[in-house]
Amino acid sequence: MNVQVKDLHFEPFISHHSIQARVVELANRLTVDYHGKNPIFLSVLNGSFMFTSDLMKSFLAPCEISFIKLASYEGTESTGDVKTLIGLNHSITNRPVIIIEDIVDTGTTVKKILELVWQHQPESVKIMTLLFKPEALKENIEIDYVGFDIDNKFVVGYGLDYDGYGRNLNQIYVVK
Ligand code: 5GP
């Protein structure tokens, strides 16, 4: 069924069932890759809250989960595009880190997060994203785990918003 979010109309794109099946596959791969490694997952808010929740339910090894946000640096005159990570309240030094993103579009956000995370001297950093738009990618970065490659179109649902709305939809919709 089509949905309207604010002024835009969307049609179903990736069903709840397909998302759930893929999320379990990704979690199984992570369980194998990180068994015995004591990883820490960094879930990037707000968009990845639903994906993180489902993914973590099927990750079957000891781990920690932290929620982070990329924010503009406050408290200086020259705010410009200086960014800071907020919410990183676990030590990630010498730990294997997996960044959990909802979507990688141009790659700018995840590149910035990578730079900031590496400043804490983790053992390794991998990127997991539910959605990836290969045609939109501008940065020279490698995405380690991808749920779905999608076309360069605007999507909402399953955590992703349009102007704050639509995050609660339990499947992914694409703009008409
Ligand atoms: P970037 O271009 O830096 O890779 O993506 C930045 C952010 O743009 C993503 O984290 C996400 O919040 C937002 N974004 C990019 N494409 C979409 C999309 O199709 N739908 C929604 N809801 N957000 C998007």
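Assign unit charges at the C-beta atoms only (+1 for Lys and Arg, -1 for Asp and Glu), then state the dipole size of the chain relative to its Cα centre in Debye, rounded to the nearest 20. Don't skip to the answer; put the middle values down first.
Details: 16 positive and 22 negative charges, 65 e Å.
Dipole of the chain, to the nearest 20 debye: 320 debye.
On the Cα set of the chain, report Rg and Dmax in Å, please.
16.4, 48
Within segment 55-134, which chymotrypsin sites (Phe, Trp or Tyr not before Pro) sit in a loop by DSSP and count at most 15 neighbouring Cβ atoms inside 10 Å?
Loop-located and lightly packed - Y73.
Return the sequence-ordered ³J(HN,Hα) values of segment 51-61 in whole Hz as given by the Karplus equation 6.51 cos²θ - 1.76 cosθ + 1.60 applied to θ = phi - 60°, using x for Gly and Pro.
Along segment 51-61, the couplings run 4, 4, 4, 5, 4, 5, 5, 9, 8, 10, 8 Hz.
What is segment 76-151 by shape, rounded, prolate or oblate, if you read a ≥ b ≥ c off the alpha carbon gyration tensor as root eigenvalues and call it rounded for a/c under 1.5, prolate for a/b larger than b/c, and oblate otherwise?
Verdict is oblate for segment 76-151.
Provide the percentage of antiparallel DSSP beta bridges, counting only those with both residues in segment 122-176; round to the nearest 5.
Roughly 50 percent of the beta bridges in segment 122-176 run antiparallel, per DSSP.
Determine the alpha carbon to alpha carbon distance for each of K57/K126; K6/K126; K6/K69; K57/K138; K83/K126 and list only those over 27 Å.
Violating the 27 Å limit, Cα to Cα: K6/K126; K57/K138.
Return the long-range amide H neighbours of Y158 (sequence gap of 5 or more, or a different chain), with a cut-off of under 5 Å between placed amide H atoms.
Placed amide hydrogens put L169, N170, Q171 under 5 Å from Y158.
Every number here is computed from the coordinates shown, using simple stated rules; none is lab data. Predicted model, so just to flag it, every value in this text is computed and none were measured. Neighbour counts are summed over all protein chains in view; Cβ atoms, including those assigned to glycine, are modelled from backbone coordinates with ideal geometry.
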